[in-house]
């Protein structure tokens, strides 16, 4: 999973389900493969997904309405509170009433079985069949696959691609995207709010990088700073670009090796100074010897006379 992308999704939807955020980030290669890999396409896709999922909080349609609310959501079917009361707080009965006999549903419980599911709330048997044809997932027999991952995202990307909604996103046609997904303009005001939030996270020029989950290369464009009124999120670093030859500083020549330091020469040997007492002592010794010899000679002469 690319943690940076997961963090950006969490910034977009602070109260979103961690399971849904991680499910999208874990399977982000499906976005790349469907061409939902530029800032403007990703913004429009996620803005509509946020409308359909209540801000990435649920993968199935919430049909637990009060009677008063039912008169607002389906005014033609429930013109009065009295008409809506039997269906209030009864999701299964409501689904079979409002979806039964249409959208490819023909079995008694099809309305509930094929209630809005997935990131774009695919609704009705025919839309589930479309998902199955496109993905190979057996969602008609196992509709819960659309309420888990990767089916939820895979179904949404196929739905988006089949209707060529990327082209509307490229034109920044918010109403057109809404109509292609919803069939009308339900949720258009909320979609515009989500789109503005997404634009602060993935502005024009931002790098769209789905990390290790992606099977394709990211689109290298310059990132732009997050608006100051939004919590800060890590910005994907621009991949390092090779510098032009002119911008590369010259490589300095290797310094010449320093000359070896000569060992200090030993100091000259100075012969010890001759003491002045030496010659004097020798002279005294010679004089002494001479006197002794002379005395010995005198003595011998004296004894020879006498």
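None of the figures in this text is laboratory data; all of them are computed from the coordinates on show. From a predicted model like this one, the values you see are computed outputs, not experimental measurements. A quick note on method: Cβ atoms are made from the backbone with ideal geometry, for glycine too, and the neighbour counts reach across all protein chains shown.
Highest-first packing order for the peptide set 52-58, 166-172 is 52-58, 166-172, based on the mean count of other beta carbon atoms within 10 Å. With the cut-off at 1.5 for a/c, could you classify the range 1-131 from its C-alpha gyration tensor as rounded, prolate or oblate? It comes out prolate by the Cα gyration axes. Label positions at residue 15 and residue 77, each projected 7 Å from the Cα along the C-beta direction, are separated by 2.5 nm. Relative contact order for the range 130-203: 16 percent, from Cα pairs under 8 Å spaced at least 6 residues apart, divided by residue count.
Sorted by average packing, counted as other Cβ atoms within 10 angstrom per residue and highest first, what order do 143-152, 42-51, 177-186 take? Write out the running numbers ahead of the final one.
On the way: 143-152: 20.4, 42-51: 25.7, 177-186: 16.9.
Listed from highest to lowest mean packing, they are 42-51, 143-152, 177-186.
At R0 = 25 Å, how high is the FRET efficiency between residue 106 and residue 141 if r is their beta carbon distance? Nearest 0.05 is fine. According to the calculation, E is roughly 0.95.
With the highest mean first, a sort of the peptides 114-126, 73-85, 89-101 on other beta-carbon atoms found within 10 angstrom per residue produces 114-126, 89-101, 73-85. Per residue, the average separation of C-alpha pairs within less than 8 Å and at least 6 apart gives the range 15-59 a relative contact order of 63 percent.
For the Cα trace of the range 1-63, dividing Rg by the Kirkwood Rh returns an Rg/Rh value of 0.95. Taking all Cα pairs closer than 8 Å and separated by 6 or more residues, the relative contact order of the range 78-171 comes to 18 percent. By its C-alpha gyration tensor, with a ≥ b ≥ c as the square roots of the eigenvalues, how is the range 138-184 shaped: rounded for a/c under 1.5, else prolate for a/b larger than b/c, else oblate? Verdict is prolate for the range 138-184. Mean projection of the Cα convex hull over all viewing directions, computed for the range 68-191: 8.1 nm².
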